Amino acid sequence: QTCFNAPGERFDFARSARFTLLGGVLVAPTLHVWYRSLGQALPGTAARTTLARVALDQLVFTPVFLAVFFPSLGVLEGKSVEQISSKLEEIWMPTIVRNWAWWGPVQLVNFRYMPARYQVLFSNMAGLVWNTYLSYLNSYKGPESVVLHQPDDA
């Protein structure tokens, strides 16, 4: 989080707490059930099976999950329904496209090479990077809020 803060901006403990809470009560349990269901419906690690699992994960699960995740975060932030809806409309599709660029390759490795019992753990590790991005995206206030750090002329 501090990588994206403006100079002098303090670490936002509430923001981190919201992501931790969502990770524990929404993300991890949902992924556990989803991966188990995928494994039962499409057992094995053959190339065709792996591609089918990734396709279902990215084309079915991800759009629905993000449509739940961002509003849940908005509720924890105390936003109004209108604010949540506006933010979701603004970031949902760009997030899905970026999700495919990150999670498509991650899930190929996960579903092809990770034993089922480690798939949620593997996703959680990759999720550290992804959640940092989501946190930044959710708190992003537009290009005018970006501060470019220039070295002092000395």
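The values are calculated or read from the model by the stated rules, or taken from the named source; none is laboratory data. Since the model is a prediction, treat every value here as computed from it, not as a measurement. We place every Cβ from the backbone using ideal geometry, glycine too, and count neighbours over all the protein chains shown. Surface areas here come from the heavy atoms of the whole protein model, side chains and all, with no ligands, DNA or RNA. Shrake-Rupley method; radii C 1.70, N 1.55, O 1.52, S 1.80 Å.
Counting only residues that are touching a helix residue (DSSP H, G or I) at 6+ places or on another chain (Cβ under 9 Å), of a type in the set (S, T, Y) and at pLDDT below 95, how many does region 1-56 have?
4
Looking only at region 31-69, count every residue that is touching a Leu at 6+ places or on another chain (Cβ under 6 Å) and closer than 18 Å to I91 by Cα and tell me the total.
Of region 31-69, the ones touching a Leu at 6+ places or on another chain (Cβ under 6 Å) are 49, 52-54.
Those still in the list that are closer than 18 Å to I91 by Cα too: none.
The number of residues fulfilling the criteria is 0.
Kindly indicate whether E90 is farther than 18 Å from N124 by Cβ, of a type in the set (D, E, K, R) and either under 17 Å from the mean Cα position of the chain (by Cα) or not in a helix (DSSP H, G or I) (or both). Break it down into steps so the answer makes sense when it comes.
Working: farther than 18 Å from N124 by Cβ: yes; of a type in the set (D, E, K, R): yes; either under 17 Å from the mean Cα position of the chain (by Cα) or not in a helix (DSSP H, G or I) (or both): yes.
Judged against the criteria, E90 is a match.
Would you check if there is a residue in region 67-86 being of a type in the set (F, W, Y) and open to solvent by less than 70 Å² (accessible area, probe 1.4 Å)? Steps first, please.
First, the residues of region 67-86 that are of a type in the set (F, W, Y): 69-70.
If we keep only those that are open to solvent by less than 70 Å² (accessible area, probe 1.4 Å) as well, we get 69-70.
Checked against the condition, which is being of a type in the set (F, W, Y) and open to solvent by less than 70 Å² (accessible area, probe 1.4 Å), region 67-86 yields at least one hit.
Here are R98, R117: which of them is free of Cβ contacts under 8 Å to residues at least 40 places away in the same chain, within 30 Å of R10 (Cβ to Cβ), in a helix (DSSP H, G or I) and among the basic types (K, R)?
Values: R117 fails: within 30 Å of R10 (Cβ to Cβ).
That would be R98, the only listed residue that is free of Cβ contacts under 8 Å to residues at least 40 places away in the same chain, within 30 Å of R10 (Cβ to Cβ), in a helix (DSSP H, G or I) and among the basic types (K, R).
Is there any pair with a first residue in region 33-53 that is closer than 17 Å to P105 by Cβ and a second that is of a type in the set (F, W, Y) and open to solvent by 50 Å² or more (accessible area, probe 1.4 Å) whose Cβ atoms are under 8 Å apart and which are 6 or more apart or on different chains, and what are they?
Going by the 8 Å Cβ cut-off, the qualifying pairs are T45/Y113.
Restricting attention to region 52-62, and to residues there that are of a type outside the set (G, A, S) and surrounded by 15 or more Cβ atoms within 10 Å (Cβ to Cβ), which single residue is farthest from the chain's Cα centre (by Cα)?
Checking each candidate, the answer is R53.
Residues being β-branched (V, I, T) and open to solvent by 60 Å² or more (accessible area, probe 1.4 Å): count how many of those fall in region 7-42. Step through it out loud before you land on a result.
In the first step, residues of region 7-42 are kept if they are β-branched (V, I, T); the result is 20, 25, 27, 30, 33.
Remaining after also requiring open to solvent by 60 Å² or more (accessible area, probe 1.4 Å): 20, 25, 33.
The total comes to 3.
Of the residues L88, L56, L66, which single one is touching a Ser or Thr at 6+ places or on another chain (Cβ under 7 Å) and without any contact (Cβ under 8 Å) to a residue 40 or more places away in the chain?
L66
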